[in-house]
Amino acid sequence: MKFRSSVMRSSLRLLICFMFGTSAAIATGVAHGEGKPMSADVQAKVAKYKNMLSEWAAHPVIVAAVKESNKSAGTSTMTNVTWDALNENDPVVTAYRANPAGKLLSKWEDNKNIVKLFVRNEKGDLVAAGSSVKALLYNVANRPPFIGAMKGSAWAASEAKPDPATQLVAVQVSAPVKDGAKVIGVIHTGVSVQ
């Protein structure tokens, strides 16, 4: 019964996100799931944040947090379904904001040009989160921002879309977290186009 309840909550949450996402997209002129071509100004902004994320990814606190998470990667019982069932103020959720890497992300997130900031380990699991929003997914191993950055260089989407977590129109940008030359994780944000 507990599983069924959690699935029902997940379904309801997705429905609400879809409804509000569609409203936000209509209000901004971007249809849900369709991107908005980037102007030269937005392209320059995205390039700036690709560089900034690469610098942040090299911060010793971020590298140490990812290395520590990778030691236990694959042993967590957390899934996207169990994550979704957690309240934003649940101690499990807030722990990702309260750890040293999360505190650093929160500080960097004060930059009003980004709509969220997350760090992921080599499996795509959440390591740390900024303070602005709960990560929509615990694991993003199959998502383009993770896949792109795990190839070894900064990555950016080719168009602006409503961000899945915030519903603000943004360009997804990510960069690899490295230990020497080895890619060990990803730092990910959404760069606002507004």
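See the values below:
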{"read-out": "Any hit, the stretch 65-84, residues being over 16 Å from the mean Cα position of the chain (by Cα), part of a helix (DSSP H, G or I), surrounded by 20 or more Cβ atoms within 10 Å (Cβ to Cβ) and among the polar types (S, T, N, Q)", "value": "yes"}
{"read-out": "Per-region count, the stretch 102-112, residues more than 16 Å from S54 (Cβ to Cβ) and either buried (at least 24 other Cβ atoms within 10 Å of the Cβ) or within 14 Å of the chain's Cα centre (by Cα) (or both)", "value": "3"}
{"read-out": "Per-region count, the stretch 171-194, residues more than 18 Å from V119 (Cβ to Cβ), buried (at least 19 other Cβ atoms within 10 Å of the Cβ) and small (G, A, S)", "value": "1"}
{"read-out": "Any pair with Cβ under 6 angstrom, 6 or more apart, that starts in the stretch 103-123 at a residue that is touching a residue at least 40 places away in the same chain (Cβ under 8 Å) and ends at one that is part of a helix (DSSP H, G or I) and small (G, A, S)", "value": "V119/A101; N121/S69"}
{"read-out": "Hits in the stretch 147-161 (condition: surrounded by fewer than 21 Cβ atoms within 10 Å (Cβ to Cβ) and out of contact with any Pro (no Cβ under 9 Å at 6 or more places or on another chain))", "value": "I147"}
{"read-out": "Candidates V115, V133, filtered to the one that is within 16 Å of the chain's Cα centre (by Cα) and in a strand (DSSP E or B)", "value": "V115"}
{"read-out": "Residue selected from the stretch 142-194 under the condition in a loop (DSSP other than H, G, I, E, B) and either among the hydroxyl-bearing types (S, T, Y) or touching an Asp or Glu at 6+ places or on another chain (Cβ under 8 Å) (or both), by the criterion nearest to H59 (Cα to Cα)", "value": "S153"}
{"read-out": "Identity of the residue in the stretch 85-97, surrounded by fewer than 15 Cβ atoms within 10 Å (Cβ to Cβ) and of a type outside the set (V, I, T), that ends up nearest to A58 (Cα to Cα)", "value": "A95"}
{"read-out": "Filtered residue count, the stretch 122-175, keeping only those that are farther than 17 Å from N80 by Cα and touching a helix residue (DSSP H, G or I) at 6+ places or on another chain (Cβ under 6 Å)", "value": "13"}
{"read-out": "Qualifying residue in the stretch 94-110 (condition: of a type outside the set (S, T, N, Q), closer than 24 Å to E159 by Cα and not in a helix (DSSP H, G or I))", "value": "yes"}
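To keep it simple, each residue is scored yes or no on (1) at pLDDT 95 or above; (2) among the hydrophobic types (A, V, I, L, M, F, W, C).
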site	(1), (2)
A135	no, yes
I147	yes, yes
S174	yes, no
D179	yes, no
V183	yes, yes
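The values are calculated or read from the model by the stated rules, or taken from the named source; none is laboratory data. Predicted, not measured: the structure shown is a model, and the values here were computed from it. Ideal geometry is used to build each Cβ from the backbone, glycine not excepted, and the neighbour counts take in all protein chains shown.
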